[in-house]
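Chemist: This is the structure, below, for whatever I ask next.
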Amino acid sequence: MDATVIVAGGGLAGMVAALELVRGGADVLVIEKRGYPSYKVCGEYVSNEVRPYLESLGLDLEMLGAVNISTLSVTTPRGTELTQTLDSGGFGLSRFVLDHSLYQLCVAAGVRFLLHTSVAKTEEKAGWTEVYTNYGDCLKARLVIGAYGKRSVLDSRMGRDFATRPSSYMAVKYHVEFDQPDALIALHNFENGYCGISAVEDGKKCLCYLTHRSNLKKSGGSIPKMEKEILGVNPHLRRIFGTARFCYEKPLVINEISFAPKSSVENGLFMAGDAAGLITPLCGNGMAMAIHSAKILSGLVTRHLKEELTGSELAQLYRRRWQQVFGTRLRVGRMVQGAFGKSAVTEVVISLLRQFPSITGKIIALTHGEDIR
Ligand SMILES: Cc1cc2nc3c(=O)[nH]c(=O)nc-3n(C[C@H](O)[C@H](O)[C@H](O)COP(=O)(O)OP(=O)(O)OC[C@H]3O[C@@H](n4cnc5c(N)ncnc54)[C@H](O)[C@@H]3O)c2cc1C
């Protein structure tokens, strides 16, 4: 065997799983397409439900510059605003810093990495799995974790249902300097999309939006034109795009974002994070779910490696646990996303929520979980 466990993808889910497994005594190799540190398209608001756990892993979030966030503001495309105190809240920290810090923890703990290498294909054999890289190498592992994010070549190779259908969403991200209170996360709606802005380290704000591709098409394929003519209908976004100082020359852009249900065990691979299911970014806790799913999976895999669980018991238990912990959140997330994006619907929903603030709190609670430690 080249490793007891190979983890395909070294994002949050992959690195948390690797760290837990190595600390539990396993030999773990992470294969990651890119290197560290690097920028990622993400709103960079981390729900506090995973804060104590991340700190227990060894991350000093305060020292890394994490900014506490405790208030949510949602605006409609016409600019009507709803504000709500967040019960548990969260913190802002760039993926550049967060992922790199986790990588350093993993290396110090003995996780091995193969960087700038992609997993191209896996094949399940009797008692082990073969992992083929984009360089044509074949590595063997007793168990493989799929933590490669929202969509990868592996999904199409496995014929996963969502990967056979195109998705109409794309996302764009910047770091900006803009005058907004650090404790506030604002979610500004526009026709067929929404844009979040919240603080990260070093006095910067993360500005990240999800839009239907039809908006880009209407704008002749030009992102600046789309931002001016479609996002800019919302007066809050007009002010942000008109006055913020943009820290990158060009935005980071990703395509083909799918929120369709996925399976947590597929083709002999145990999926964690977005590879098992992506919650709509509107809910602001995809990272917490990725971290939590990796914790659950690594706990069960450690028991399997100690021969306390057979392979089929492991698969059965993980599937069940994943559904119990995340099933409702994903469903509510899809429902909430349906209420935003269409201008007229958003206006009605926000004016109703302004009259019944306790409902907003309940919806937020349904898409979040208890603190994990
Ligand atoms: C627009 C947008 C905004 C968001 N905002 C927020 C937010 O504010 N808060 C929040 O909590 N969540 C947010 N999310 C969700 C969050 O980004 C994800 O849920 C989280 O990153 C999932 O972590 P992961 O480890 O599963 O995947 P990732 O962090 O995407 O990591 C996957 C890793 O796998 C690597 N990889 C991919 N394919 C391969 C391969 N074949 N071989 C090897 N490596 C591979 C990638 O390079 C990557 O490093 C947002 C999502 C979107 C789309």
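The values are calculated or read from the model by the stated rules, or taken from the named source; none is laboratory data. Worth saying up front: this structure is predicted, and the values here are computed from it rather than measured. Note that each Cβ is placed from the backbone with ideal geometry, even for glycine, and that neighbours are counted across all protein chains shown.
Chemist: In region 82-133, how many residues are touching a helix residue (DSSP H, G or I) at 6+ places or on another chain (Cβ under 8 Å) and of a type outside the set (V, I, T)?
Modeler: Qualifying residue count, region 82-133: 22.
Chemist: Name the single residue that is nearest to the ligand (Cβ to nearest atom) among those in region 32-56 being closer than 17 Å to S298 by Cα and buried (at least 20 other Cβ atoms within 10 Å of the Cβ).
Modeler: V50
Chemist: When you check G221 against the structure, is it on the phi > 0 side of the Ramachandran plot and without any contact (Cβ under 8 Å) to a residue 24 or more places away in the chain, yes or no?
Modeler: Answer is yes for this residue.
Chemist: Shifting gears a bit: Outside any strand (DSSP E or B), closer than 23 Å to R319 by Cβ, within 15 Å of the ligand (Cβ to nearest atom) and not aromatic (F, W, Y), is that true of S167?
Modeler: Judged against the criteria, S167 is not a match.
Chemist: Out of curiosity, is T117 part of a strand (DSSP E or B), touching a strand residue (DSSP E or B) at 6+ places or on another chain (Cβ under 9 Å) and either of a type outside the set (A, V, I, L, M, F, W, C) or within 14 Å of the ligand (Cβ to nearest atom) (or both)?
Modeler: no
Chemist: Quick check on this structure: which one of R329, R321, R354 is closer than 23 Å to G90 by Cα, charged (D, E, K, R) and within 26 Å of the chain's Cα centre (by Cα)?
Modeler: R329
Chemist: Here's a follow-up. Could you list, in sequence order, the residues of region 21-62 that are closer than 20 Å to F96 by Cα and part of a helix (DSSP H, G or I)?
Modeler: N48, V50, R51, Y53, L54, E55, L57, L61, E62
Chemist: Inside region 266-298, can you point out the residues that are more than 9 Å from the ligand (Cβ to nearest atom), under 14 Å from L54 (Cβ atoms) and surrounded by 24 or more Cβ atoms within 10 Å (Cβ to Cβ)?
Modeler: Across region 266-298, the qualifying residue is only H292.
Chemist: I'd like the full set of residues that are charged (D, E, K, R), at pLDDT below 95 and surrounded by 15 or more Cβ atoms within 10 Å (Cβ to Cβ), limited to region 158-177.
Modeler: Of everything in region 158-177, just one residue is charged (D, E, K, R), at pLDDT below 95 and surrounded by 15 or more Cβ atoms within 10 Å (Cβ to Cβ), namely R160.
Chemist: On to the next question. Of all residues in region 276-332, how many are within 13 Å of I145 (Cα to Cα), among the charged types (D, E, K, R) and not in a helix (DSSP H, G or I)?
Modeler: Summing the residues that are within 13 Å of I145 (Cα to Cα), among the charged types (D, E, K, R) and not in a helix (DSSP H, G or I) in region 276-332 gives 0.
Table: residues versus (1) surrounded by fewer than 18 Cβ atoms within 10 Å (Cβ to Cβ); (2) within 29 Å of I69 (Cβ to Cβ).
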{"site": "G203", "(1), (2)": "yes, yes"}
{"site": "T211", "(1), (2)": "no, yes"}
{"site": "G220", "(1), (2)": "yes, no"}
{"site": "K228", "(1), (2)": "yes, yes"}
{"site": "E249", "(1), (2)": "yes, yes"}
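Chemist: Something else now. Only one of R95, R151 is near the ligand (Cβ under 10 Å from one of its atoms), modelled with pLDDT under 95 and within 29 Å of V200 (Cα to Cα). Can you tell me which?
Modeler: Only one candidate qualifies: R151.
Chemist: Here is a further query. Residue check: is F259 surrounded by 18 or more Cβ atoms within 10 Å (Cβ to Cβ) and outside any helix (DSSP H, G or I)?
Modeler: When the stated conditions are applied, F259 passes them.
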